[in-house]
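A quick write-up on the structure given underneath.
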Amino acid sequence: MSTPSGMAARLSSATLAALAALAAAPDLAAAPTVRAGSNDECATAIAVNLGSTVFDNTSAATSSDPGLCNANFSKDLWFTYTATSSADVTIDTCGSSFDTVIELFTGSCGALNYVFCNDDSCSTQSSITVTGLTAGLTLVIRIGGYNGATGAGTLNVTKVVARRGLFISEYVEGSQNNKAIEIYNGTAETIDLSQYQLRCFNNGGSSPNYTSTLSGTLAPYGTAVFIPTGGNTNSVEADLSSRGISWGTATAINFNGDDAVALTDLSGAYLDVVGEVGFDPGNRWGSGGVTTQDDTLRRRPTVAVGDEVASDSFDPSAEFDGFPQNAFSDLGQHAGPIDVSVPCDTTANSGGSSATLAASGSRSVGDNDLSLTVSGLPTTGTTAFVFNAFLAPGQSLTTAFNPTPGGGPASAGDVCIAGGTFGRHVFGSDIYIGTGGTFSISVDLTDVPSPRDGISFPNPGHYSTAVLSGETWYWQCWYRDPSAGTGASNFSEAIGITFQ
């Protein structure tokens, strides 16, 4: 698409200036510090936002309100947090220097409604995940020391973002007990599998008959294989051993063709399900050679997320290819999409959906055929472009919550690829203006806009660099959200690609 000169001038003063400001402010503000004793009582609670707040309870007094969580609760401080959306949040003191206790309330001082408490969750510190929030709801947080403990601490309030992209990539319903589940990490982060479970629902049950908490870590693009604990697994073990593939065991791998198997987090939220929870199909789901009985199912490479609705109808042929019983040779490897999902709390735009971002082509730098497609943009008309992020050694991804691009109104979405440096794909036809709701750009891996070095590209003040094998790059889309008000903007979901 060619850009008229008059339109280019308008974009220069609005769109480009907006992201110039965004590029200068990707990181979260430094953690504010709370003076000990200034919030000793509920009435003097200090309001906190998403992020971290440093405190010290050494000189704090014990509140006149009795501790409901623990009789040894003392030297307490009070805070409030007002939810900005319906996203779940975790409130914790992990990393603090002393033994903490957290109590959580709703309501107002003098009429507090007790919600929950936690003593030891992360070592001797405390953590509570709050679900079912609504925008505008205020939580009252009380933090104290166990048995008089005092010291420096940090109150962390973070959005809980589902690890979409962690899913079951292979299912083996073999002879005897030669069964297996392979899990694939299609996210941009190394996953701590101890935060996830496999659950088996026998004979159409709605409650799991077997639950196994997993263990180990799983790198992006990696797989983890789990087999039963009950023996008679000689065939699958022999195959895995011959190829040098390690495995774990799980009691939840105790299924037949009519039993649903789910991957969940510790709260029970579903990331993926093979089968249909609460429904007994008879002998199996599927037909022909693509079934859950005496067959092997392998997820197609185009699938990026699991089936997160446990009770929807299940047809394995929709996302799986079928292979014979005891076909173990592909366990321990999975070719998923070239991009992985960055945990990101996306917000629906004024048109009613959240914008998505997907990559196609190859991860090979030599192929240089990367294309990025944004979908779900407002169809009432918008301006949009894609920006990238690169992390230097020692840097890590952070989130800039509801930033204010160009100093304007706070964005409806979050920048989920902050922490490094930004580059903006804003030259020629890379800028989208329209009502179609979707656009694509081609990325030349030898000339990616990025400020990480001093190579001029092609306008003064903009730079480019060549992507190198082994590097991970991240992308997200910024767009105007016109119906949401003057200057309103939003962000798509975010992706990452590790190149080969």
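The values are calculated or read from the model by the stated rules, or taken from the named source; none is laboratory data. Predicted, not measured: the structure shown is a model, and the values here were computed from it. Please note: Cβ atoms are built from the backbone with ideal geometry, for glycine as well, and neighbour counts cover all protein chains shown.
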* Only residues that are loosely packed, with under 14 Cβ neighbours inside 10 Å and modelled with pLDDT of 90 or more: list them for region 75-91, please. => 82
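I'd like to check something: does region 350-361 contain any residue that is more than 22 Å from residue 164 (Cα to Cα) and at pLDDT below 95? Reasoning before the result, please.
Of the residues in region 350-361, the ones more than 22 Å from residue 164 (Cα to Cα) are 350-351.
From the residues that got through so far, the ones that are at pLDDT below 95 too are 350-351.
Checking region 350-361: at least one residue is more than 22 Å from residue 164 (Cα to Cα) and at pLDDT below 95.
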* Asked: within 28 Å of the chain's Cα centre (by Cα), surrounded by fewer than 24 Cβ atoms within 10 Å (Cβ to Cβ) and either modelled with pLDDT under 90 or aliphatic (A, V, I, L, M) (or both), is that true of residue 172?
  -> no
* **Positions within region 280-302 being part of a loop (DSSP other than H, G, I, E, B), of a type outside the set (D, E, K, R) and over 22 Å from the mean Cα position of the chain (by Cα), in sequence order** => 281, 282, 283, 285, 288, 289, 292, 293
* Asked: Could we say that residue 472 is closer than 22 Å to residue 188 by Cα, in the same structural domain as residue 362 (by TED's automatic domain parsing) and at pLDDT 85 or above here?
  -> yes
* Asked: Among all residue pairs at least 6 apart or on different chains, which show Cβ distances below 7 Å where the first residue, located in region 102-122, is of a type in the set (Asp, Glu) and the second is modelled with pLDDT of 90 or more and in a strand (DSSP E or B)?
  -> 103/142; 119/101
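Looking at 224, 252, which is the one that is surrounded by 14 or more Cβ atoms within 10 Å (Cβ to Cβ) and assigned to a loop (DSSP other than H, G, I, E, B)?
Criteria check complete, one pass: 252.
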* When you scan region 384-414, how many residues do you find that are touching a Leu at 6+ places or on another chain (Cβ under 7 Å) and under 19 Å from residue 480 (Cα atoms)? -> 7
* Among the residues of region 175-202, write down those that are assigned to a helix (DSSP H, G or I) and modelled with pLDDT under 95. => 193, 194, 195
* **Selection within region 351-387 - surrounded by fewer than 17 Cβ atoms within 10 Å (Cβ to Cβ) and part of a loop (DSSP other than H, G, I, E, B)** => 352, 353, 362, 363, 364, 366, 367, 368, 369, 379, 380, 381
* Asked: Is one or more of the residues making up region 338-348 acidic (Asp, Glu) and crowded, with 17+ Cβ neighbours inside 10 Å?
  -> yes
* Structure fact -> Expected output for region 353-377 (first residue farther than 19 Å from residue 492 by Cα, partner part of a strand (DSSP E or B), Cβ below 7 Å, 6+ apart or cross-chain) is 361/370; 361/371; 363/497; 363/498
* Asked: Looking at residue 196, is it closer than 30 Å to residue 498 by Cα, over 21 Å from the mean Cα position of the chain (by Cα) and hydroxyl-bearing (Ser, Thr, Tyr)?
  -> no
* Asked: Which is crowded, with 17+ Cβ neighbours inside 10 Å, part of a loop (DSSP other than H, G, I, E, B) and either among the hydroxyl-bearing types (Ser, Thr, Tyr) or at pLDDT below 90 (or both), of 94, 117, 69?
  -> 69
* Asked: Do you know which residues across region 178-195 are closer than 24 Å to residue 416 by Cα and either of a type in the set (A, V, I, L, M) or touching a residue at least 60 places away in the same chain (Cβ under 8 Å) (or both)?
  -> 184, 185, 186, 187, 188, 189, 191, 193, 195
* Meets criteria (touching a residue at least 60 places away in the same chain (Cβ under 8 Å), over 30 Å from residue 475 (Cβ atoms) and surrounded by fewer than 22 Cβ atoms within 10 Å (Cβ to Cβ)) for residue 230 -> no
* **Criterion: in contact with a strand residue (DSSP E or B) (Cβ under 6 Å, 6 or more places away or on another chain) and hydroxyl-bearing (Ser, Thr, Tyr) - qualifying residue of 380, 399, 346** => 399
* Asked: Which residue, of 150, 154, is within 24 Å of the chain's Cα centre (by Cα) and on the phi < 0 side of the Ramachandran plot?
  -> 154
* Please specify each residue of region 430-445 satisfying the condition of being closer than 22 Å to residue 497 by Cα and small (Gly, Ala, Ser). => 440, 442
* Check region 270-279 and report whether any residue there is out of contact with any Ser or Thr (no Cβ under 8 Å at 6 or more places or on another chain) and assigned to a loop (DSSP other than H, G, I, E, B). => no
* Structure fact -> Scanning region 142-156 for residues that are of a type in the set (A, V, I, L, M, F, W, C) and surrounded by fewer than 21 Cβ atoms within 10 Å (Cβ to Cβ) gives 149, 152
